[in-house]
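Report on one structure; see the data block that follows.
The values are calculated or read from the model by the stated rules, or taken from the named source; none is laboratory data. This one's a predicted model, so the numbers in the text were calculated from it and none came from an experiment. Heads up, the Cβs are rebuilt from the backbone with ideal geometry, glycines too, and the neighbour counts pull from every protein chain shown. Side chains included, ligands, DNA and RNA excluded: accessible areas come from the protein's heavy atoms. Shrake-Rupley method; radii C 1.70, N 1.55, O 1.52, S 1.80 Å.
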Amino acid sequence: MLITFHSKVVAEVLMLTDHAGALLQAAGKSFGDKIPERGVFTADQLGPAIQGIERAIADYQKSGHDDDEDEDKQPVAPMARAVGLKERAFPLLDMMRQSQAAGAEVTWEVSRGW
């Protein structure tokens, strides 16, 4: 399934549920096995949420999942590279940063299809 993130400041961001769930938890939203149908980051919550996602990206890169900086390895064609947490998080982080600057909230909802 897809999760759609909304903000009055920027265009919508679509993300697969598995990827969105990991980012929502890193941003400080706690839930069980299932992402809530709808949710919100208020303007006041965006700062800590952004910091949580940035911390998760740093931890991910320190754990060796991000091998782009390893000069000893053979170069991998761009299309063959795995998509890391940093790349997956970028659209949502950008939305959150712009929304925070504008004092707007970010909401999400489970998409019902195309």
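For the range 12-56, the C-alpha radius of gyration divided by 2.2 N^0.38 Å, with N the number of residues, is 1.11. Once the 1.4 Å probe is applied to the protein heavy atoms, the chain comes out at 66 Å² accessible per residue.
Number of Lys-Lys pairs in the chain with C-alpha atoms under 30 Å apart and a separation of 8 or more places or on different chains: 10. Of the DSSP H helices in the chain, those that are both long (alpha-carbon extent of 18 Å or more along the helix axis) and hydrophobic (Kyte-Doolittle mean at least -1.0) are 43-62, 85-102. Starting from a Cα-only point model with no solvent, please compute log10 I(q)/I(0) by Debye for the chain at q = 0.16, 0.21, 0.24 1/Å. After summing over all Cα pairs, the log10 values are -0.76, -1.15, -1.38. Tell me the carbon and sulfur percent of the accessible area for the chain, rounded to whole percent, probe radius 1.4 Å. It is 51 percent, rounded to a whole number.
Under the criterion of Cα pairs below 8 Å and six or more residues apart, the relative contact order for the range 1-78 equals 20 percent.
Annotation: peptides 100-110, 42-52, ranked by per-residue average of other Cβ atoms within 10 Å with the highest first, follow the order 100-110, 42-52. Taken along the Cα-to-beta-carbon direction at a fixed 7 Å, the label points for Val110 and Val76 span 3.2 nm.
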